[in-house]
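The values are calculated or read from the model by the stated rules, or taken from the named source; none is laboratory data. Nothing here was measured: the structure is a model prediction, and the numbers come from that model. When we count neighbours, we look across all protein chains shown, and the Cβ atoms used for this are built from the backbone with ideal geometry, even at glycine.
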Amino acid sequence: MCGLVGIVSNDVVVQEIYDALTCLQHRGQDAAGIATEHRGRIELIKSNGLVKEVFGADHMRKLLGNIGIGHVRYPTAGSASALEAQPLYSSFPVSICLAHNGNLVNYHDLRNKISNDKKRLLTTNSDSEILLYLLGQALSKAPNLDVEEILNASQMLHDFCEGGYAIVALLLEKGLLAVRDVNGIRPLIIGKRESAGKIERMVASESVALDALGFQIERNVAPGESIFIESNGTLHSSVHQNKTTLNPCIFEFVYFARPDSVIDNVSVYKARLRMGEALGARILTERPEHDIDVVIPIPDTSRTAALQAAHVLGVKYREGFIKNRYIGRTFIMPDQNERKASVRRKLNPIGLEFQGKNVLIVDDSIVRGTTSKQIIQMARNAGANKVYFASAAPPVKFPNVYGIDMPVRSELIANGRTISEIQEAIGADWLIYQDLNDLISSVTPGKKGTMSFDTSCFSGEYVSGNIDEEYLQELERQRSDTVRTIRDSKALQSELLIGAAS
């Protein structure tokens, strides 16, 4: 998962892009980058690290111009190498900087075709480079590179690319391009504000970035739509002629998005409240005579659901874990060893909330089970009498192939296990999951049939329709934790060699 932002303003944009990226830091902690246009050239600064670590005062002074894009990244396809930090740059057929959120499921086919048929040297393992190449090829066939030709060229991406993707691209002396996949899997929203009588526009992965900068939500980028914003703020649009459907990733509402965001006109906060309400009702159905003394969330994303679940159950809600805010999100850390080591450093229990009590711990989801097991043990060590565990999402049984880092089935605790087996594996006295239909209803109350979702990590049903057993087995070979650890180690060695040679 990554975070995107693009701004066309009447003033220098670098500070606002920086601020927007800090609002989107939860979407990626591996790398950050900003590209701006000024006086006929593109300035680009990017590196591994958090936004505040990548950009210093000297960098900000170099990134001049009133149009630019930014990106925060964590790796899905590709590696954690600094060479793959975004935006990516190409000078063909015009200077282009591109940033991407999502994952191309036909990446290997496209890479082989480009490498073999076109004899093109690809310098990274990132599918974002594929997108940059394809966009450049399409633009090279446009004689004038006017707005209509740019939109038509961007629409050609949908003819080649399969999967989930949201794109922002800066085209030198042309403007800002934004594209969303034909299924609308990855989020992308447009905002506008008026300054000195002129319209300024912004695109971002989440509305919270617009809010922070004083932009009003204009609308969402539609599935299969290309948006082009000229340097004067004029907006142009084109939608792919083939069938498009809105199937946003439901895991955005469960975990990734900030609660103060609105995605495809749905409040993430309200959706999580309803998840907690449904979860509480499910607990009452299965255990009407429960002996729960207190409901405790795992901060931060489960707080909203836990609060409402406690209300439904009629028991106390307490903050039993204190979070070290200087430790990143364990879910998106690049390998299992880091995830295990960070949990105990990240959370510390308040003993008096556990001592002698039957506690219900609520989490947004259970993916690998690593965090859940450690937290349950922490609760026992803090003196809990019984530890019950509830997931505001259904069992995660399948990989998410559209840009969320749950790549292989062997790493998912719910794959091939019953709920009782999972309960035993994580050490809970009782385990309960959200029902999938209840989750969908929580995100779309009263709108049954009007909005669909990609629920593939729960249901195994992939909206792009081209994911089969062979594909999932190949994922296992390519993107397990072990494979990625070896790959990232090799990438680091290459970077050290390059650095030593220079």
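Of (1) buried (at least 20 other Cβ atoms within 10 Å of the Cβ); (2) hydrophobic (A, V, I, L, M, F, W, C); (3) in the same structural domain as residue 101 (by TED's automatic domain parsing), residue 278 satisfies all except one. Which?
With respect to (1) buried (at least 20 other Cβ atoms within 10 Å of the Cβ); (2) hydrophobic (A, V, I, L, M, F, W, C); (3) in the same structural domain as residue 101 (by TED's automatic domain parsing), residue 278 is out only on (3).
Could you go through the stretch 221-241 and let me know if any residue there is part of a helix (DSSP H, G or I) and within 21 Å of the chain's Cα centre (by Cα).
First, pick out the residues of the stretch 221-241 that are part of a helix (DSSP H, G or I): none.
The answer is no, given that none of the residues of the stretch 221-241 is part of a helix (DSSP H, G or I) and within 21 Å of the chain's Cα centre (by Cα).
Working carefully through the options 300, 264, 291, find the one that is under 17 Å from the mean Cα position of the chain (by Cα) and surrounded by fewer than 16 Cβ atoms within 10 Å (Cβ to Cβ).
Exactly one residue qualifies, and that residue is 300.
Could you list, ordered by first residue, the pairs with Cβ atoms under 8 Å in which the first is in the stretch 156-173 and free of Cβ contacts under 8 Å to residues at least 40 places away in the same chain and assigned by TED's automatic domain parsing to the domain that holds residue 142 and the second is in a helix (DSSP H, G or I) and surrounded by fewer than 23 Cβ atoms within 10 Å (Cβ to Cβ), at least 6 apart or interchain?
Going by the 8 Å Cβ cut-off, the qualifying pairs are 156/134; 156/138; 157/134; 157/138.
One line per residue, one yes/no per condition, for (1) modelled with pLDDT of 95 or more; (2) within 20 Å of residue 257 (Cα to Cα); (3) not assigned by TED's automatic domain parsing to the domain that holds residue 412:
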position: 290; (1), (2), (3): yes, no, no
position: 300; (1), (2), (3): no, yes, no
position: 333; (1), (2), (3): no, yes, no
position: 364; (1), (2), (3): yes, yes, no
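List the number of the failed condition for residue 138; all other conditions in (1) farther than 25 Å from residue 40 by Cβ; (2) among the hydrophobic types (A, V, I, L, M, F, W, C); (3) outside any strand (DSSP E or B) hold.
(1)
Tally the residues that are part of a strand (DSSP E or B) and surrounded by fewer than 22 Cβ atoms within 10 Å (Cβ to Cβ), restricting the search to the stretch 153-170.
Going through the stretch 153-170, the residues part of a strand (DSSP E or B) turn out to be 163-170.
Then keep just the ones that are surrounded by fewer than 22 Cβ atoms within 10 Å (Cβ to Cβ); that gives none.
Within the stretch 153-170, residues that are part of a strand (DSSP E or B) and surrounded by fewer than 22 Cβ atoms within 10 Å (Cβ to Cβ) number 0.
Please name all residue pairs, on different chains or six or more residues apart, with Cβ atoms under 9 Å, provided the first residue is in the stretch 438-467 and is modelled with pLDDT of 90 or more and loosely packed, with under 12 Cβ neighbours inside 10 Å and the second residue is part of a helix (DSSP H, G or I) and basic (Lys, Arg).
Between residues of the stretch 438-467 that are modelled with pLDDT of 90 or more and loosely packed, with under 12 Cβ neighbours inside 10 Å and residues that are part of a helix (DSSP H, G or I) and basic (Lys, Arg), there is no close pair.
Filter the stretch 370-422 down to residues that are among the polar types (S, T, N, Q), in a loop (DSSP other than H, G, I, E, B) and surrounded by 18 or more Cβ atoms within 10 Å (Cβ to Cβ), then give me how many there are.
Residues flagged as among the polar types (S, T, N, Q), in a loop (DSSP other than H, G, I, E, B) and surrounded by 18 or more Cβ atoms within 10 Å (Cβ to Cβ) within the stretch 370-422 amount to 0.
Select from the stretch 27-43 the residues that are crowded, with 21+ Cβ neighbours inside 10 Å and either farther than 12 Å from residue 86 by Cβ or without any contact (Cβ under 8 Å) to a residue 60 or more places away in the chain (or both) and list them in ascending order. Spell out how you get there, then give the answer.
Initially, the stretch 27-43 is screened for residues crowded, with 21+ Cβ neighbours inside 10 Å, giving 27-28, 30-37, 42.
Of everything in the stretch 27-43, those that are crowded, with 21+ Cβ neighbours inside 10 Å and either farther than 12 Å from residue 86 by Cβ or without any contact (Cβ under 8 Å) to a residue 60 or more places away in the chain (or both) turn out to be 27, 31, 32, 34, 36, 37, 42.
Among the listed residues 138, 169, 196, which satisfies the condition of being farther than 18 Å from residue 402 by Cα and under 24 Å from the mean Cα position of the chain (by Cα)? Reasoning before the result, please.
Details: 138 fails: under 24 Å from the mean Cα position of the chain (by Cα); 196 fails: under 24 Å from the mean Cα position of the chain (by Cα).
The conditions single out 169.
Could you grab me the full set of residues in the stretch 238-258 that are farther than 22 Å from residue 3 by Cα and modelled with pLDDT of 95 or more?
238, 239
Among the residues of the stretch 156-175, is there at least one that is in contact with a Phe, Trp or Tyr (Cβ under 7 Å, 6 or more places away or on another chain) and aliphatic (A, V, I, L, M)? Explain how you work it out, then say what you get.
Applying the first criterion (in contact with a Phe, Trp or Tyr (Cβ under 7 Å, 6 or more places away or on another chain)) to the stretch 156-175 yields 163-164, 175.
With the extra rule that they be aliphatic (A, V, I, L, M), the set shrinks to none.
Checking the stretch 156-175: not a single residue is in contact with a Phe, Trp or Tyr (Cβ under 7 Å, 6 or more places away or on another chain) and aliphatic (A, V, I, L, M).
Looking at (1) surrounded by fewer than 21 Cβ atoms within 10 Å (Cβ to Cβ); (2) within 22 Å of residue 204 (Cβ to Cβ), can you tell me which one residue 72 breaks?
Failing condition for residue 72: (1).
In the stretch 248-261, what residues are out of contact with any Pro (no Cβ under 8 Å at 6 or more places or on another chain), part of a loop (DSSP other than H, G, I, E, B) and buried (at least 22 other Cβ atoms within 10 Å of the Cβ)?
250, 261
Pull out all pairs, ordered by first then second residue, where Cβ-Cβ is under 8 Å, the residues are six or more apart or on different chains, the first lies in the stretch 198-227 and is within 17 Å of residue 258 (Cα to Cα), and the second is of a type in the set (S, T, N, Q).
Taking only residues 6 or more apart or on different chains, the pairs are 205/101; 206/261; 207/261; 208/261; 210/216; 217/207; 220/265.
Considering only residues of the stretch 117-138 that are over 22 Å from residue 177 (Cβ atoms) and modelled with pLDDT under 85, which is surrounded by the most Cβ atoms within 10 Å (Cβ to Cβ)?
118
Can you tell me how many residues in the stretch 171-220 are among the hydrophobic types (A, V, I, L, M, F, W, C), in contact with a Gly (Cβ under 8 Å, 6 or more places away or on another chain) and part of a strand (DSSP E or B)?
7
Looking at the stretch 267-286, I want the residues that are over 13 Å from residue 306 (Cα atoms) and have a partner that is surrounded by 22 or more Cβ atoms within 10 Å (Cβ to Cβ) with Cβ atoms under 6 Å, at least 6 apart or on another chain. Which pairs are those?
What qualifies is 268/253; 268/257; 268/261.
One line per residue, one yes/no per condition, for (1) within 17 Å of residue 297 (Cβ to Cβ); (2) outside the structural domain of residue 126 (by TED's automatic domain parsing); (3) among the hydrophobic types (A, V, I, L, M, F, W, C):
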site: 348; (1), (2), (3): yes, yes, no
site: 360; (1), (2), (3): yes, yes, yes
site: 368; (1), (2), (3): no, yes, no
site: 380; (1), (2), (3): no, yes, no
site: 387; (1), (2), (3): yes, yes, yes
site: 416; (1), (2), (3): no, yes, no
site: 429; (1), (2), (3): no, yes, no
site: 452; (1), (2), (3): no, yes, no
